[in-house]
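Q: Questions regarding the structure given below will be posed in turn.
The values are calculated or read from the model by the stated rules, or taken from the named source; none is laboratory data. Predicted model, so just to flag it, every value in this text is computed and none were measured. Cβ coordinates were reconstructed from backbone atoms using ideal geometry, including for glycine residues, and neighbour counts include every protein chain displayed.
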Amino acid sequence: MKKIGIILLMLCSISAVYAQKKGQPKPKQDNGIPKNFKLPPSPPPVFDPPPPMPSGDLSALGSIMPPFLVVTLDTIKENGKVKKPLQFKQYTHNDVKKDGNLLVVIFNPLCDHCEHETEMLEQNLNSFVQSDLVMMVSPQFKDYLDGFNKKMHVSQFPTLKVGVDSLGFIKKTILYDQLPQLNVYNKDRILIKTFTGQIPFDSIRNYVN
């Protein structure tokens, strides 16, 4: 009987402790995060991803034109006077005329032949009605572009886009022959003709419309 009494006493003690713990709220884990904390929204990307890049030899005739991004140094004039020089603008493959050929000139701003070619193109810009013209230099020549623009009076020809290749277009399409190099793309942006060296306008006239 004494043993039974001891066992009953122990059971009553355990039941009392269990009942006391059951009525208490469970402690919350402290992980250092405030109760009302919310993750901030993801920031938008700084630049949209570039379009898919065509594969293969993009300097070969019949290849698709890769996308390009040219950063130009434009001047803003007011009453014939330069108001804000060296305004950086972006010019992409989406900004060119869609109904005619596109002529892309790869050049070196320190090259005499390139200067003569630019002068020839400036003299014949009125022939570019449906066609468009873009001139670009490699990034390593960007410091010389302003001097080239001033020497060739590029600001006097607003339809002539001259700037720095900022999407690797030159590396994908250059022939490593002579500069300037002129790539002619049709309205479907297929490479149909490539010229290298100083080119007379009569040689490209049939590609300008």
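Q: Looking only at residues that are farther than 18 Å from G168 by Cβ and exposed (fewer than 11 other Cβ atoms within 10 Å of the Cβ) in the stretch 81-97, which one is modelled with the lowest pLDDT?
A: Per the criteria, the residue is K83.
Q: Next question, about the same structure. Mind listing just one residue for me: the one in the stretch 195-207 that is in contact (Cβ under 8 Å) with a residue 24 or more places away in the chain and over 14 Å from E117 (Cβ atoms) and, of those, nearest to the chain's Cα centre (by Cα)?
A: This residue is Y207.
Q: Tally time: how many residues in the stretch 110-123 are under 25 Å from N94 (Cβ atoms) and surrounded by fewer than 21 Cβ atoms within 10 Å (Cβ to Cβ)?
A: Total satisfying the criteria: 1.
Q: Quick one: would you say S127 is of a type outside the set (K, R), surrounded by fewer than 20 Cβ atoms within 10 Å (Cβ to Cβ), touching a helix residue (DSSP H, G or I) at 6+ places or on another chain (Cβ under 9 Å) and under 23 Å from R189 (Cβ atoms)?
A: yes
Q: Are any residues in the stretch 151-164 surrounded by fewer than 17 Cβ atoms within 10 Å (Cβ to Cβ) and at pLDDT 90 or above, and if so, which ones?
A: K151, H153
Q: For the stretch 168-206, give me each residue that is surrounded by fewer than 18 Cβ atoms within 10 Å (Cβ to Cβ) and touching a Lys or Arg at 6+ places or on another chain (Cβ under 8 Å).
A: Within the stretch 168-206, K187 is the sole residue that qualifies.
Q: Within the group Y176, Y144, which residue is free of Cβ contacts under 8 Å to residues at least 12 places away in the same chain, closer than 16 Å to C114 by Cβ and either of a type in the set (S, T, N, Q) or out of contact with any helix residue (DSSP H, G or I) (no Cβ under 8 Å at 6 or more places or on another chain) (or both)?
A: From the options Y176, Y144, the qualifying one is Y176.
Q: Only residues that are over 18 Å from D95 (Cα atoms) and modelled with pLDDT of 90 or more: list them for the stretch 177-186, please.
A: Listed by number, the residues that qualify are Q178, L179, P180, Q181, L182.
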